Amino acid sequence: TYYLEFTPQRIYGGPHAEIATELAPTLNELSSTHRFFFIGEPIMYWGFATIPYLAPGADGMDVSADVTAETLQQFNDPFRGELFIVLPDYEETLERVKQQFPNGNEVRLQSGANARHLVTLYQLPPD
């Protein structure tokens, strides 16, 4: 039994583990209706071990920060929605995604320990 919160700052697993842990409930909720596109390399990748561990049914892939509009259009699937997961360092890429797909919903996930911006989610519903 602990008398204090063991890891109140959530630093034990590192920032990547914190991002994956905060992201997992959303991935699990949307995994049957959405595909996931992770924009974070080389800082963090879709294959970071905590993501498939906490969200084993999530269908995702890494997308380069210099992705073009033509490449983004290839991701459009009329039967599934898309969720772009964008690390804070790639806000410029997020703007390109939003220009290509203007009708999405943007949500910022923050750290439960210090309210630091962890990741931005940009969700597009199935057509």
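The values are calculated or read from the model by the stated rules, or taken from the named source; none is laboratory data. Small disclaimer: the values here were computed from a predicted structure and weren't measured. FYI the Cβ positions are ideal-geometry reconstructions off the backbone, even for glycines, and counts take in every protein chain you see. The accessibility values were calculated without ligands, DNA or RNA, using every heavy atom of the protein model including side chains. Shrake-Rupley method; radii C 1.70, N 1.55, O 1.52, S 1.80 Å.
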Positive end of the charge dipole of the chain (Lys, Arg +1 and Asp, Glu -1 on Cβ, about the Cα centre): tell me which of 39, 112, 50 has its Cα farthest that way.
112
Given H placed 1.01 Å from N in the peptide plane, which residues other than close sequence neighbours of residue 118 have an amide H under 5 Å from its amide H?
109, 110, 111
Using alpha-carbon positions, what is the distance between the centroids of the stretch 107-127 and the stretch 21-85, in Å?
13
Where labels lie 7 Å past Cα in the beta-carbon direction, separation of residue 45 and residue 106 in nm
2.9
Evaluate 2.2 N^0.38 Å with N set to the residue count of the chain, then give the Cα radius of gyration divided by it.
1.09
Net +/- balance of residues flanking residue 79 in space, Cβ distance below 15 Å, scoring K and R +1, D and E -1:
-2
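Hey, what number do you get for the chain at 222 nm if only DSSP H runs of n ≥ 4 count, each worth -39500 (n - 2.57), divided across all residues, to the nearest 500? Walk me through the numbers before you get to the answer.
On the way: 4 runs with 38 residues, N = 127.
Result for the chain, helices only: -8500 deg cm²/dmol.
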For the chain, what % of the accessible area comes from carbon and sulfur atoms, probe 1.4 Å?
53
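Express as a percent, rounded to the nearest 5, the fraction of DSSP beta bridges in the stretch 1-121 (both residues included) that run antiparallel. Kindly include the intermediate steps, with their values, before the conclusion.
Details: 7 of 16 bridges.
Bridges in the stretch 1-121 that DSSP calls antiparallel: roughly 45 percent.
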Checking the a/c ratio against 1.5 first, then a/b against b/c, what shape does the Cα gyration tensor give for the stretch 22-75?
oblate
Expressed as an acute angle from 0 to 90° and rounded to the nearest 10, what is the orientation of the C-alpha long axis of helix 91-100 relative to the principal long axis of the chain?
40
Treating only the Cβ atoms of Lys and Arg (+1) and Asp and Glu (-1) as charged, compute the dipole magnitude of the stretch 42-110 about its Cα centre; round to the nearest 20 debye.
200
